[in-house]
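Worksheet: one structure, shown below.
The values are calculated or read from the model by the stated rules, or taken from the named source; none is laboratory data. None of these values were measured; they are calculated from a predicted model. Quick reminder, even Gly has a Cβ in these numbers, built from the backbone with ideal geometry, and neighbours come from all protein chains shown. Side chains are part of the model used for accessible areas, which takes the heavy atoms of the whole protein and leaves out ligands, DNA and RNA. Shrake-Rupley method; radii C 1.70, N 1.55, O 1.52, S 1.80 Å.
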Amino acid sequence: MDGRAGSQDGLCPRLIGGMILARSFNPRAHGLRAEVRDAAGGWCTQGQPASLLRRALITVQLSSKSRSQTGTVRHGPRFWVPRPQLGWVPQRNWRSTVQVALCPPLPLYPLCRLATSLSPALSASCSPFQEMNGVLKGMLSEWFSSGFLSLERVTWHSPCEVLQKISESEAVHPVKNWMDMKRRVGPYRRCYFFSHCAAPEEPLVVLHVALTGEISSNIQAIVKDCPPADTEERSKISAAIFYSISLTQPGLQGVELGTVLVKRVLKELQKEFPHLGTFSSLSPIPGFTKWLLGLLNSQAKEHGRSELFTDSECKEITEITGGPINETLKVFLSSSEWVKSERLVRALQAPLMRLCAWYLYGEKHRGFALNPVANFHLQNGATIWRINWMADASLKGITSSCGLMVNYRYYPGETATNSTSYLCSKNIKASEQVLSLVAQFQKNSKL
């Protein structure tokens with residue numbers, strides 16, 4: 001296949017996914033520099049419109065080399081990004097080529113890092129960089145579309161390398177040790193990941209599920225330190241709780257792998273447990289504490305009546321903290337020490353539940369939920385079902401979300417309708433508990 005013709009005609013429709021975008025801009029085959037430079041020549045010369053960068057973006061050369069039975073590295077489809085001949089491009093950021101080679105034996109850690117390696121300052125100030133970022137993101141979405149992805153379940157008998165990668169990539173509730181990992185893939189637990197057909201057993205996104213008798217309201221009950229069960233009684237399973245989803249490749253941010261994974265796992269669980277009808281997440285609320293501290297700070301500057309707390313709540317909290325409510329709470333909530341006071345924990349439950357409900361339901365960014373986790377589940381068609389007090393007593397849970405967690409419930413027959421309503425009309429589906437808390441907040445606040 002002629003690289004120049006393929007690129008000038010646009011992105012080759014036969015591009016297959018699973019390419020490893022090397023973080024380094026140095027090609028491995030230095031002898032190919034002249035060939036790639038010739039292919040790029042005349043497409044994006046100095047002074048031409050930046051839109052021509054798209055034409056010069058990808059040169060495809062298919063290699064016929066194959067992986068032998070002795071384990072020789074196979075170089076599959078190779079993709080090169082020719083160096084744009086633009087005077088304003090910093091030379092240290094553009095070496096001759098970016099070689100993108102499919103090498104299954106190599107780790108996928110540097111996967112797709114090119115999309116995130118551009119300087120944020122350059123991306124913000126230079127439209128060609130913004131265009132390149134958009135093009136790369138679009139290509140990654142094509143390369144990692146659902147048709148190329150394989151759903152794999154992890155068990156304690158999975159290859160040690162897979163268990164190690166999943167353990168290291170867990171970003172929501174870190175794995176403590178191998179016994180903890182054994183619990184998370186043992187009875188009453190399920191762990192699934194997506195791999196690419198070109199790189200099997202290389203996790204791209206991982207989802208952990210707990211099989212319980214009811215919708216869980218506390219994460220410590222799921223990740224607690226206890227010996228794993230020996231057997232699994234299906235009669236005790238009536239709910240599936242998605243309690244952690246982690247993307248293992250930072251360069252795949254923005255590619256909707258998590259959305260597809262949740263839907264595929266839901267169908268997989270329905271096949272395994274036909275009687276199972278309750279599906280929910282138990283999700284953290286990252287950013288809530290930061291948002292709340294910002295509100296307290298703005299309230300403190302106004303020196304007026306607090307709009308975040310009722311008069312009785314202000315009186316009780318002031319008696320406990322011994323100072324002005326906004327100033328003292330900023331100090332207390334900035335650390336995890338406040339949970340040691342049972343009186344303060346009880347006094348803060350009602351106001352923080354109201355504030356959290358508003359944060360999830362009412363705080364928006366461009367019409368969508370401000371909280372990224374809420375936005376993810378609402379896009380999937382879930383309902384904000386229940387806010388749980390002191391659901392995560394870990395240091396991370398206390399400092400990032402005041403110990404609060406939320407259940408996003410998935411009703412299989414309603415997810416498509418809810419998703420369309422949210423994406424098109426920005427309507428958020430919430431339970432009576434959440435709507436009641438939102439109404440209480442609005443009654444007490446002018447926000």
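Okay, here's what the table says:
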read-out	value
The range 347-438: chymotrypsin sites (Phe, Trp or Tyr not before Pro) in DSSP coil with no more than 12 other Cβ atoms inside 10 Å	none
Hydrodynamic radius by Kirkwood, which averages 1/r over all alpha carbon pairs of the range 264-365, in angstrom	16.0 Å
Spin-label pair Arg346/Glu256, simplified geometry with 7 Å Cα→Cβ offset, distance in nm	4.8 nm
Carbon plus sulfur fraction of accessible area for the range 330-447, probe 1.4 Å, in percent	54 percent
Computed accessible area, Lys426, all protein chains, 1.4 angstrom probe, square angstrom	80 Å²
The range 175-226 - convex hull of the alpha-carbon atoms, volume per residue in Å³	100 Å³
Global geometry of the range 387-447, whether rounded, prolate or oblate, following the gyration tensor of its Cα atoms and the 1.5 cut on a/c	oblate
Calculated FRET efficiency for the pair Glu232/Ser431, C-beta based, R₀ 25 Å, to 0.05	0.25
Loop-located trypsin sites (Lys or Arg not before Pro) in the range 253-333 whose Cβ has at most 10 other Cβ within 10 Å (DSSP)	Arg305
Base-10 log of normalised Debye intensity for the range 308-354 (one unit scatterer per alpha-carbon) at q = 0.14, 0.30 Å⁻¹	-0.27, -1.39
With eigenvalues of the C-alpha gyration tensor scaled by 5 and rooted, the range 288-444, Å	30, 16, 13
Rough spin-label spacing in nm, given labels placed 7 Å along Cα→Cβ, for Phe273 and His365	3.3 nm
Charged-residue dipole, Cβ positions (Lys, Arg, Asp, Glu), the range 161-201 about Cα centre, Debye nearest 20	280 debye
Restraint check, Lys290/Lys315; Lys137/Lys263; Lys236/Lys364; Lys263/Lys364; Lys165/Lys271; Lys165/Lys263, Cα-Cα greater than 29 Å	Lys236/Lys364
Nitroxide proxy distance, nm - points 7 Å out along Cα→Cβ at Thr318 and Leu423	5.0 nm
Surface/4 estimate of mean projected area, convex hull on alpha-carbon atoms of the range 146-284, nm²	8.2 nm²
Area accessible to solvent at Thr417, 1.4 Å probe radius, in Å²	90 Å²
The range 259-269 - phi-based ³J(HN,Hα) in whole Hz, Karplus 6.51/-1.76/1.60, Gly and Pro as x	4, 5, 5, 4, 5, 5, 5, 4, 5, 5, 5
